[in-house]
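Structure first, then comments.
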């Protein structure tokens, strides 16, 4: 490994003090793609990287069929295939340790040019820190931004900006954002920036937690916590927007619960980020993640994954509008892996019931995640509220199973619920699943703008790093 691809040990150890490294390679070795600066400079001043985390082709197809039926038009994503100037690729998503990647390894492949072990974040298989993309961008004088419906310290955004041994070291990731001066961060994750909001920490570590917000303020950051605050920020000034302690609530819940009106949507955060970064003399690099597509896939929640994908899709016309007036911008639209094996299935005689099933997805008014939280908080499974939110009438055996899970404090109650009502959910939505896990399927990638033409039709995830650097000339 070249010394240029390894960060200083001093800087790296700020984020790796809690865990030991594990670097057993049992899956796919990284393809030999040099992380060194390309010989020829690119012509892209800006890069917008849109990622629907956990979106398999089945999820994309489900959302497209729903929109065709409900709105009479395809997804914006699907329209890109026939849009002049867009190049499409098929992306292999394997990590160094498995044919099935996790989000940390996938983001690290994009962010460092090397395949790493699952759970690692820009740390090589032999435990060495790797230089993330945003370090190169900063060195070239570009501004950098991260937008996510997950915590901004979560694996996918962190993969462009941080280097730690394990993805769960989110307090260390937040500190690296501060030290590196990431210019715009919008999403969830307040717990990792604010000492009084760190219930995730073990008692022996809580006293060592640092409240980073005063330090961000001291460096000139605007700090906002709601939609109103986001609308009032000063363009061009560093911005930290933290709209939830953990992840941003699901779109399905935000659309049906007035208690979430203060939380901005992904398109709203994307728009705000563009306003903050536009006009940077040497350009910018911005990653925008629809992160909870993945979470809905893990939960096997059909209505939830649909709404997350639709909200992500609404970011695409915003990007197109921007590149129309900024032709020196490379736009990449992709996903890191599939999750759950989501598929719309044939239903009824001659499959004629599938269309009506798509219509019935609209009857859901809350995610299984939110329902699980409500039932856990109250200590009982409310069958009436459950039926109102889902249209499913639980029988006695099903109600007893959910109540037993609540009584024993089983984690991932949302997954217990979707598993319990799997047949009913199939009957309502015609959506089926292969697991609650990630999948190894190759995934879609679309690109337009300077450098897009160089991206091959079949690509390994870690190869994209070199093409992005080449396009940006960094």
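Structural remarks
- Residues in region 456-467 that are part of a helix (DSSP H, G or I) and more than 19 Å from the chain's Cα centre (by Cα): 463, 466, 467.
- Residues within region 85-113 that are farther than 21 Å from residue 447 by Cα and touching a helix residue (DSSP H, G or I) at 6+ places or on another chain (Cβ under 9 Å), tallied: 8
- One residue alone among 96, 158, 172 is modelled with pLDDT of 95 or more, assigned by TED's automatic domain parsing to the domain that holds residue 50 and under 18 Å from the mean Cα position of the chain (by Cα), and that residue is 158.
- Taking the criterion of being part of a loop (DSSP other than H, G, I, E, B), in contact with a strand residue (DSSP E or B) (Cβ under 9 Å, 6 or more places away or on another chain), over 23 Å from residue 314 (Cα atoms) and touching a residue at least 60 places away in the same chain (Cβ under 8 Å), the residues of region 122-159 that qualify are 124, 128, 131, 142.
- Scanning region 275-311 for residues that are more than 27 Å from residue 102 (Cα to Cα) and surrounded by fewer than 23 Cβ atoms within 10 Å (Cβ to Cβ), we see that the one that is modelled with the lowest pLDDT is 279.
- Test: residue in region 36-44 that is modelled with pLDDT of 50 or more and crowded, with 17+ Cβ neighbours inside 10 Å: yes
- For first residues located in region 50-61 and at positive phi, partners that are crowded, with 24+ Cβ neighbours inside 10 Å and lie 6+ apart or on another chain with Cβ distances below 6 Å form the pairs 54/293; 54/294; 54/297; 54/339.
- Selection from region 111-129 of residues that are closer than 25 Å to residue 238 by Cβ and either surrounded by fewer than 24 Cβ atoms within 10 Å (Cβ to Cβ) or within 15 Å of the chain's Cα centre (by Cα) (or both): 111, 121
- Just so you know, in region 72-94 the residues that are part of a loop (DSSP other than H, G, I, E, B) and free of Cβ contacts under 8 Å to residues at least 24 places away in the same chain include one that is farthest from residue 330 (Cα to Cα), and it is 72.
The values are calculated or read from the model by the stated rules, or taken from the named source; none is laboratory data. What you see is a predicted model; the values in this text were computed from it and never measured. Backbone-built Cβ (ideal geometry, glycine too); neighbour counts: all protein chains shown.
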